[in-house]
1. Gain in length, Thr500 to Leu302, computed as 0.36 nm per residue apart minus the alpha-carbon separation, to one decimal in nm?
2. Which Cys in the chain stand alone, with every other cysteine's Cβ at 4.7 Å or more from theirs?
3. Apply the a/c threshold of 1.5 to the C-alpha gyration tensor of the stretch 250-335 and tell me whether it is rounded, prolate or oblate.
4. When the dipole is taken about the Cα centre of the stretch 249-311, and only Lys, Arg (+1) and Asp, Glu (-1) are charged at their Cβ, what size is it in debye, to the nearest 20?
5. Name the residues whose placed amide hydrogens come within less than 5 Å of the amide hydrogen of Asn342, ignoring near sequence neighbours (fewer than 5 apart) on the same chain.
6. So if each residue of separation counts as 0.36 nm, and I subtract the Cα-Cα distance between Ala42 and Asn218, what length gain in nm does that give?
7. Quick check of the Kirkwood formula: for the stretch 293-404, what is the inverse mean of 1/r over all pairs of different Cα atoms, in Å?
8. In nm, to one decimal, how far is the Glu413 label point from the Glu329 one, both placed 7 Å along Cα→Cβ?
Amino acid sequence: MKKSTLIVASLLMLFSLRTNAQDGRVLLLESFTNTGCGPCAAYNPAMDALIAANPDIIAAIKYHVNWPSAVDPMYLHNTTENGARTSYYGVNSVPHVVIDGNHFSGSPNQLNQNVINQLQAVAPHLEMRLSYVVDEAANTITVNVMGRALDDIEGNLRLHVGVIEREIHFNSAPGSNGERDFYSVMKKMLPSASGTNLGNGMAANDYFAYTFTWELANIYDMSQLDAIAWVQNLNSKEVYQACKSSQSLEPFYGNEAAANDISNVKGVSCSGEAHPMFVLTNFGSNALTSAEIELRINGESLKTVAWSGNLATFASETVDLGEINFPVESENLLEVSIVAVNNGDDEVPANNTASCVIKGAPETVGKVLKLTIRTDNRPQETTWKVTNMATGQVVIEGGPYDEANHAYTETLEITGDGCYDFTIYDAGGDGFGDGNGLYGLKAGSSTLFSGSAFGDSESNEFSYEVSAAVGEATDNGTSIFPNPTSGLLNIVGDGEQTVTIYNMAGQRIFEGVSKGQLQLDMKAYGAGIYAVKVGNETQRVVVR
């Protein structure tokens, strides 16, 4: 599924807009440097002059490493992605320059105009186009990038997008080498240093388009922000084309919409109810004013939704697709497809469908339900509830919590059969984004679902039956009855079996041996739900 984020279109909020349309070869120059590196100070000025002399054919990005000075501020601003690109190329000394991944690798003093001319003469494999918008009010940069293959390209392809600060000037040198001016400094890789997977090769005329948004951090001067992009073979490291920003962009197609990011859908369901949404993005040069959207589940059409609006190029809108109901299978493929745009055909149908899998909730019978929550740095933001899907009644709820980065375990006492919704909430809107928090719901030894990365909330469903039918045998042939019971409980089976009983708090309240038959008076433990383990099998027993 393609990743896309909403673009704010109000011109009053835009700090800058830069676009690009280019078809010739653009070289990717990646430089590795450090503010404590003496040779870097000696060689960087000549390299920067060479880059400035070739503005149309060199897309430059500089990574600051952590040696010889571990306190280089531009390294400290993004240690993870500076380190990732350094490790990817195996760079172990600075200054170091890599051009087009595997076309040149060495010291910047080995570069000159003849080298650039020779490398630039290599025919490009793609045409790429890029735009970006800096929204000062929202403190974000949104980068739009598209590309089309000029010929067949083989290999494990990655699209990389780099946000850079074109020029950073210090009044006094931040490091021991005396440098005060730094150019094309990498601030962020979008969405990360791993890039975006374009698949195993592209055929001629294959096309991609993506939108990424980043909340700005560690920026010295917002007016100096810029963006570049490139397509690279993950394994061979060859760069097939790079892309800079400039002042004009013409999308490849007129009517070109994309379906992205299905949301508001539970990963596990037993009710067969959903209310999906998805992101509709316009990658065409024409304003997008209408779209016909089809929803399918497991290949069967559920409904068609008519959308109307007015989306400019690169603008997005989250579309509410309404309620749906479907017969639940063990795995359910939900597909959202754009079947028409602007009362006609979309020129690129390949990116018209977004999909997600909804798992069918397995029936849980007579198992102890344990909820584990490990809080993040803001435990007071975490709450949860369990809702009966048939009645809408909240049957259990918990949180907020007091202790940060602490593991809480709670036993969920479900007293009625049915389909239940479990929803976890984060008042801060970033899930367990602050720290190493997570949650998980287990039935016996099986995990029903778990998670950590979500926004305001995340929901899943589980199917629960309080106990097996009266006299039902366990897998080892032992019968436990009556269930529910008003006091006496019979455990009947062949041979000798260890019997252990736990209360809902998980405490062991009985341990003994059944030699063919065992009768227990459960009144002594009080009314409630108990886990009765016979050998390796466990059943839930209700005492009334």
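No lab work stands behind these numbers, since they all come straight from the coordinates. These numbers were taken from a predicted model, which means no experiment stands behind them. We place every Cβ from the backbone using ideal geometry, glycine too, and count neighbours over all the protein chains shown.
1. Details: separation 198, 0.36 × 198 = 71.28 nm, distance 4.87 nm.
Computed gain between Thr500 and Leu302 is 66.4 nm.
2. For the chain, the answer is Cys243, Cys356, because their Cβ atoms have no other cysteine Cβ under 4.7 Å.
3. Values: a/c = 2.58, a/b = 2.54, b/c = 1.02.
Prolate, because a/c is 1.5 or more and a/b exceeds b/c.
4. Details: 3 positive and 7 negative charges, 38 e Å.
I would put it at about 180 debye.
5. Those qualifying (amide H under 5 Å, at least 5 residues apart or on another chain) are Thr289, Ser290, Ala291.
6. Details: separation 176, 0.36 × 176 = 63.36 nm, distance 2.65 nm.
Contour length minus the Cα-Cα distance gives 60.7 nm.
7. Values: mean 1/r = 0.0542 Å⁻¹.
It works out to 18.4 Å.
8. For Glu413 paired with Glu329, the spin-label model returns 4.0 nm.
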